[in-house]
Amino acid sequence: MKLDRPIVFGNWKMNGLRADGLALAGTLAERAVRLTGTLGVFPPFTLIHAVAQRVKDTTILVGGQDCHDKPSGAYTGCVAAPMLVDAGAKAVILGHSERRHGLGESDALIRAKFAVARASGLLVVLCIGETEAEYLSGERSKRLAAQLDGSLPVGIGPEGLVVAYEPVWAIGTGRTPGREEIALTHAEIRAMLGKRIVGGEAVPILYGGSVKPENAAEIMAIEAVDGVLVGGASLDARSFWSIYQAGGGA
Ligand code: PEP
């Protein structure tokens, strides 16, 4: 899958009933006639099929927000990667901090999910990020390296992977690291990926955490930032589209 810059992905989290989701997807579909970058939306499971249908004449990518670590079986209430594909998803977010910290997901579990997602043909958007305590104690790099070590399956190639650097303390808080910090951290992550994956320097790296129309241009002007993963501001078509345009997308 070719991912042109800017890559702008919207994580709807647990928001959206059918009418809202389709209205949002419909507005984006009308604007996204010939995209110059990569625009993607990650609706709740219940809306994936309807949204995929709504944007089917565009290149907007639709993804899931998680998948199980087994391809099928007796796992009540869970959703498997092949089911996402069947519903029209082309990608999946794994390791989001709300699942790591809110639901106690471990790196090992994320690694197992990763393997099933890739075997199903899904693009994996792997989220990594330090907590505020780790940030303040200077352990950011150590934490990010450990998350990559724990959650990347051994022997994978760079294709089908996007990494989203999302400092936990920046998600939904209105706070973001400074420009220099984001540039430095992305460069570190790129070097880490190069050490762990043959050709890993080519893996796109997104920044995520309180991206808004007001700060999107500054963040996406950073050379090491290939795009952004947007939470709250992706629920409003106008905000989401202006973030995409701020990154040079049309
Ligand atoms: C997210 O949930 O991935 C995220 C970045 O959220 P927000 O943009 O709301 O901080």
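The values are calculated or read from the model by the stated rules, or taken from the named source; none is laboratory data. Everything numeric in this text was worked out from a predicted model, so none of it was measured. Just so you know, the surface numbers come from the protein's heavy atoms only, side chains and all, with ligands and any DNA or RNA stripped out. Shrake-Rupley method; radii C 1.70, N 1.55, O 1.52, S 1.80 Å.
Here are the numbers for this structure:
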item: Accessible-area order (highest first, 1.4 angstrom probe) of the listed residues 120, 137, 210; result: 137, 120, 210
item: Most mobile of 97, 106, 151 in a GNM of the chain (Cα contacts under 10 Å); result: 106
item: Choice from 105, 30, 134 with maximal GNM fluctuation in the chain (Cα, 10 Å cutoff); result: 30
item: Separation between Cα centres of region 37-77 and region 121-154, rounded to whole Å; result: 24
item: Set of lysines with alpha-carbon distance to residue 56 below 22 Å, sequence-local pairs under 8 removed; result: 2, 13, 90
item: Where 55, 79 fall by accessible area, highest first, once all protein chains stay in place (1.4 Å); result: 79, 55
